[in-house]
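The values are calculated or read from the model by the stated rules, or taken from the named source; none is laboratory data. On a predicted model such as this, the values are computed, not experimentally measured, just so you know. No Cβ is skipped: glycine too gets one built from the backbone with ideal geometry, and neighbour counts run over all protein chains shown. Remember, those area values only see protein heavy atoms, side chains included, never the ligands or the DNA or RNA. Shrake-Rupley method; radii C 1.70, N 1.55, O 1.52, S 1.80 Å.
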Amino acid sequence: MVIVAPSLLAADSGYLAEQVALVEKAGAEWLHFDIMDGHFVPNLSFGSHIVQQMRPRSKMFFDVHLMVENPFDFLPMFADYGADLITVHVEATPDLDEVFTYLHNHKIKIGLSLKPSTSATEIEPYLDMIDNILIMTVNPGFGGQKFMSDQLNKIAQIKQMIGFRDITIEVDGGINLQTGAECVKVGADVLVAGSAIFKAESPEQYIKQLQCLGEK
Ligand code: DX5
Ligand code: ZN
């Protein structure tokens, strides 16, 4: 089965708790929090309080995507508020080791993300220190963008690079049933979807259809 991670960025902010309950009831395993600082990406989104307030309301695996400069500065608050996985961008800091050490010591899963323009070789040195790779299939900063199919080769390349390591490949941006199927075919394990789920006629149905993409 494919793991589905609805992105809260596309949810109706006026009914956030209800939207979280809806996707959880539909069987989504992960909840994807897009955190933006207006510097690393040209947009602002949520602060850590969103994790703090959603934590007591949900049993889902909290997948925090930090699209911020100097991500190390933000780790304590997201760690304290209940993140299960924190993903930082390889482009966002020269000192990934301090990030990995902090997350390891706090028993939080470690994710590394790369923008579409960043080559897969950039993350090769870190493969033995991470649990998840978040491959951006849009330029980070906004939901509702078009899937960049030129990233499919990178997914296949990273799948190959990982070998037998226990690392999940997560894809993020423009994911729907069609693009999600293409990503799963070349090695994706986790599908982040915002607009496709929250704008669907039936988000519950949509989540179940995405989960079935992994069935051979
Ligand atoms: C973009 C975010 C994505 C985005 C996905 O910077 O990282 O998670 O919200 O949204 P959709 O699925 O609408 O492309
Ligand atoms: Zn994201």
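Please say if region 28-182 is rounded, prolate or oblate, where rounded means a/c under 1.5 for a ≥ b ≥ c the square roots of the C-alpha gyration tensor eigenvalues, and otherwise the choice is prolate for a/b larger than b/c and oblate otherwise? Verdict is rounded for region 28-182. Here the extension length gained between H104 and F142 equals 10.7 nm, from 0.36 nm per residue of separation less the Cα-Cα distance.
When shorter helices are ignored and each DSSP H run of at least 4 residues is given -39500 (n - 2.57), the per-residue value for the chain at 222 nm works out to -8000 deg cm²/dmol. Between S45 and M36, the built amide H atoms are under 5 Å apart, and every one of these is 5 or more places off in sequence or on another chain. Between the beta carbons of Q160 and A17, assuming R0 = 35 Å, the FRET efficiency works out to 0.30 to the nearest 0.05.
Taking the centroid of alpha carbons for each part, region 17-44 and region 91-107 are 22 Å apart. What does the charge count around I158 come to, taking other residues whose C-beta lies under 13 Å from its C-beta (Lys +1, Arg +1, Asp -1, Glu -1)? Computed value for this residue: -1. Per residue, the accessible area of the chain comes to 46 Å² when a 1.4 Å probe rolls over the protein heavy atoms. Screening the chain for DSSP H helices whose Cα atoms reach 15 Å or more along their own axis and whose mean Kyte hydropathy is at least -0.5 gives 152-162. Working note: Cα gyration tensor of region 41-88, eigenvalues times five, square-rooted, sorted largest first, giving semi-axes of 18, 11, 10 Å.
Here the accessible area of region 3-215 is 51 percent carbon and sulfur, with a 1.4 angstrom probe and all protein chains present.
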